[in-house]
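Engineer: Below: one structure in structure tokens.
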Amino acid sequence: MNVRVPVCVWPVGAELAEGPLWQAEENAVYFVDIKGRQIHRLVVTTGQRTTWYAPDQPGFIAPLGDRVFVCGLPDGLYRLDAVGGQFDKLMDIESHLPGNRLNDGFVDARGRLWFGSMDDAEEAPSGTLYRVDQDGTANPQDSGYVITNGPAMSPDGGTLYHNDTMRRVVYAFDVAEDGTLSRKRVFAAISGDGHPDGMAVDADGYVWVALFGGWRIERYSPKGDLVKQVAFPCANITKLAFGGDDLQTVYVSTAWKGLTRAEREKQPQAGGLFSFRAPVPGQVQARCTAFARRED
């Protein structure tokens, strides 16, 4: 399996870059800097770079329409108009847990939004995995996480993968037609350095897991066997997304959060956006339909 070496395409120096999102109609990749309270966009065909400032920590963005996104902020879900940079609240999430914030999220092929919450202090198991359906309701699916991460779906829509970062475990769930989860099980347990952060599933059903503190991305077969590692020049790998015309260019966010000054000097590209070529394509990015009426 020939995977090219990752290269830094934007040394943005984000404290905690996360959630790369490919938007084919713009030839652009979006990503957030959670701690920097910023949302970035790189147009890969022109090199144009744009940054928006969020009112609070953005855990993720997911597509709603043309240059319109749903953004997870600590107190709920917001609509982001990337043309004007305007944030408008869509719904409250966990208003009874002011110490929590929203973290990683994605949209499945049916247009359902999946995301997690977590303790911002990274101590209490107060995190929950949510599914937002077409009617706009947020339905808790699993709980007891200190840090939720990386919800991602198999190509056939039958398996959801979700990370318990602190326990260093990737879980798999069966997904019913209505999105109900069942048969939670350990898909992979991380060995060696690093904690599972964000992830993506390619068109062949293989699961790519970014490892925070692990200097690498790991690729697992649908059976949970480790088949490949992609090494990086910095430790904290946070998430990946497949993009480009053939969905074989992988964009990867990284972070310098938690590094000492000496470590940052040895990892000057930490917090940058990277890319590399994969031998297989990823899946097409769907748009969230939960708030479609508000986009009419």
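Engineer: Sort Ile217, Ile61 so the one with the fewest other Cβ atoms within 10 Å of its own Cβ comes first. Don't jump to the answer; show the numbers that get you there.
Structural biologist: Working: Ile217 28, Ile61 25.
Fewest to most other Cβ atoms nearby, the residues stand as Ile61, Ile217.
Engineer: Classify segment 1-149 from the C-alpha gyration tensor, please: rounded if a/c falls under 1.5, else prolate or oblate depending on whether a/b exceeds b/c.
Structural biologist: Values: a/c = 1.60, a/b = 1.43, b/c = 1.12.
Cα axes put segment 1-149 in the prolate bin.
Engineer: Right, another one. Taking the beta-carbon count within 10 Å as an exposure proxy, list Tyr161, Tyr251 from fewest neighbours to most. It would help to have the intermediate numbers written out before the result.
Structural biologist: Details: Tyr161 22, Tyr251 26.
The fewest-first ordering by Cβ neighbours comes to Tyr161, Tyr251.
Engineer: Apply the Karplus curve 6.51 cos²θ - 1.76 cosθ + 1.60, θ = phi - 60°, to the phi angles in segment 82-92 and return the couplings in whole Hz, x for Gly and Pro.
Structural biologist: Whole-Hz 3J(HN,Hα) from phi for segment 82-92: 6, 7, x, x, 8, 10, 10, 6, 9, 6, 7.
Engineer: Please identify every one of the trypsin sites (Lys or Arg not before Pro) in segment 186-284 that sits in a loop by DSSP and has no more than 10 other beta carbons within 10 Å of its own beta carbon. Don't skip to the end; give the middle numbers.
Structural biologist: Working: sites: Arg216, Arg219, Lys223, Lys228, Lys239, Lys257, Arg261, Arg264, Lys266, Arg277; in loops: Lys223, Lys257.
Taking segment 186-284 and a limit of 10 other Cβ atoms within 10 Å, the loop trypsin sites (Lys or Arg not before Pro) found are Lys223.
Engineer: Moving on to the next point. Shape verdict for segment 80-125, please, from the Cα gyration tensor: rounded (a/c under 1.5), prolate (a/b greater than b/c) or oblate. Walk me through the numbers before you get to the answer.
Structural biologist: Numbers: a/c = 2.25, a/b = 1.42, b/c = 1.59.
Since a/c reaches 1.5 but b/c is at least a/b, the shape of segment 80-125 is classed as oblate.
Engineer: Which shape class, rounded, prolate or oblate, goes with segment 7-295 when its Cα gyration tensor gives a ≥ b ≥ c as root eigenvalues, a/c under 1.5 marks rounded, and past that a/b bigger than b/c marks prolate? Please list the in-between numbers first.
Structural biologist: Numbers: a/c = 1.20, a/b = 1.07, b/c = 1.12.
Cα axes put segment 7-295 in the rounded bin.
Engineer: Taking a 27 Å limit on the Cα-Cα distance, which of the listed pairs Lys35/Lys266; Lys35/Lys228; Lys35/Lys239; Lys184/Lys239; Lys89/Lys184; Lys89/Lys239 fall beyond it? Walk me through the intermediate numbers first.
Structural biologist: Working: Lys35/Lys266 22 Å; Lys35/Lys228 31 Å; Lys35/Lys239 15 Å; Lys184/Lys239 22 Å; Lys89/Lys184 32 Å; Lys89/Lys239 25 Å.
Lys35/Lys228; Lys89/Lys184, as the Cα separations exceed 27 Å there.
Engineer: Where in segment 165-265 are there GluC sites (Glu not before Pro) that are in a DSSP coil and have at most 14 other Cβ atoms within 10 angstrom of their Cβ? Mind showing how you got there, number by number?
Structural biologist: On the way: sites: Glu177, Glu218, Glu263, Glu265; in loops: Glu177.
Those satisfying the criteria are Glu177.
Engineer: If you rank Ser191, Ser253 by fewest surrounding Cβ atoms within 10 Å, what's the result? Numbers along the way, then the final one.
Structural biologist: Values: Ser191 9, Ser253 31.
So the ranking, lowest neighbour count to highest, is Ser191, Ser253.
Engineer: From the phi angles alone, apply the Karplus equation (6.51, -1.76, 1.60; θ = phi - 60°) to segment 224-241 and give each ³J(HN,Hα) in whole Hz, x where the residue is Gly or Pro.
Structural biologist: x, 8, 6, 10, 7, 10, 10, 7, 10, x, 9, 7, 9, 9, 10, 6, 9, 9
Engineer: Which whole-number percentage describes the relative contact order of segment 217-281, with Cα contacts under 8 Å and a sequence gap of 6 or more?
Structural biologist: 29 percent
Engineer: Hey, what number do you get for the chain at 222 nm if only DSSP H runs of n ≥ 4 count, each worth -39500 (n - 2.57), divided across all residues, to the nearest 500? The partial results should precede the final answer.
Structural biologist: Details: 2 runs with 10 residues, N = 296.
Calculated at 222 nm, the ellipticity per residue is -500 deg cm²/dmol.
Engineer: Still on this model: Going by amide H atoms built from the backbone, whose H comes under 5 Å of the H on Asp133, apart from near neighbours?
Structural biologist: Asn139
No value in this document is a laboratory result; all are computed from the given coordinates. These figures come from a predicted structure and were not determined experimentally. All Cβ positions, even for glycine, are placed from backbone atoms using ideal geometry, and neighbour counts span all protein chains on display.
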